[in-house]
Amino acid sequence: MENIDKIKSTIKGWRLGDYFRQFSIVAAGIIVTFWGSDKVTEHSRQKEVRAAMQLITEELEYNRKELRNIKHLLDIDKHMSSLLIEHKMDISGIPTDTLSKYDKLFNNMNELSYKTDALDVLKGSSLMQYISDKRLLQDILQTYFELGKRKKDVGDYYAAKTNVLMGLVMSRNMKFALETDNDLLGQVSFLISNDEFVNFVIMVPGFLYWDEFDELDEMLDKQIQTLKAKYK
């Protein structure tokens, strides 16, 4: 009770200027406290953003590797089909080692595989709103979108190829050919004797927009370098 009376007595002794000065000190203390708390929160948040973007960078590097792998296989198909077209489906003029080097045209059925785990985590969190560079964020999303388009294109290509090859494999003639002649030359000879395969070969060079794969590779490379520089 004595302390309360003492405080009341002290306040009564203040002049108006003293009161506002004391109030300002208290208010400033509160503001500094909240400001400091916000700075700590923002720093913690940016650390989370950096960690998430580093995962995105690693994922894009993996996806670039997968794109290059599938591009290598597609280039083999394109090159071999061009040779067959150039030689009018007559393999007698094509060296055997060349047929072996580019033999994936006759048997490979693949697809473009790419990851979106890191992107899904970023989308599922609240971190996207704290990425200040919205243009960078848009570029990242566009890169994944282009990967999805190339995946569909590759899927369409290999679906057409699988349909032709599996159709011939299941035919009686192909079964006979495989049972009696297992060497590559014999199998290729059988394939190019079928109109379905010949028509597919003729279609290969124009089936895909091949330049788009190089453009996406450049996009991925640029995105990866940008992220590495920004989120070390």
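Semi-axes of the equivalent ellipsoid of segment 68-176 are 42, 16, 10 Å, computed as sqrt(5λ) over the eigenvalues of the C-alpha gyration tensor in descending order.
Sort ARG45, ARG68, ARG135 by accessible area with a 1.4 Å probe, largest first.
Largest to smallest exposure gives the sequence ARG135, ARG68, ARG45.
Compared with the alpha-carbon gap, the fully stretched path from LYS65 to GLN225 is longer by 56.1 nm at 0.36 nm per residue. When the C-alpha to C-alpha distance is required to be over 28 Å, the pairs from LYS101/LYS161; LYS151/LYS232; LYS149/LYS232; LYS47/LYS151; LYS149/LYS222 that qualify are LYS151/LYS232; LYS149/LYS232; LYS47/LYS151. The amide H of LYS115, built 1.01 Å from its N in the peptide plane, has ASN63 as neighbours under 5 Å, considering only residues 5 or more places off or on other chains.
Full extension of the chain segment joining ASN194 with ILE76 gains 40.4 nm, where the gain is 0.36 nm per residue of separation less the Cα-Cα distance.
For THR96, THR57, THR162, the ranking by accessible surface with the largest value first comes to THR96, THR162, THR57, using a 1.4 Å probe.
When LYS101, LYS151 are compared by accessible area at a 1.4 angstrom probe, the order from most to least is LYS101, LYS151.
Amide H contacts for ASN108 (H built 1.01 Å from N in the peptide plane; partners 5 or more residues away or on another chain; cut-off under 5 Å): none found. Taken one residue at a time, the phi angles of segment 51-57 give Karplus couplings (6.51, -1.76, 1.60, θ = phi - 60°) of 4, 5, 6, 5, 5, 4, 4 Hz. Gly and Pro are set to x.
Segment 113-232 gives an Rg/Rh value of 1.21, both radii derived from C-alpha positions and Rh following Kirkwood.
The values are calculated or read from the model by the stated rules, or taken from the named source; none is laboratory data. Fair warning: this is a prediction, and the values are worked out from it, not measured in the lab. Surface accessibility is based on the protein's heavy atoms, side chains included, excluding ligands, DNA and RNA. Shrake-Rupley method; radii C 1.70, N 1.55, O 1.52, S 1.80 Å.
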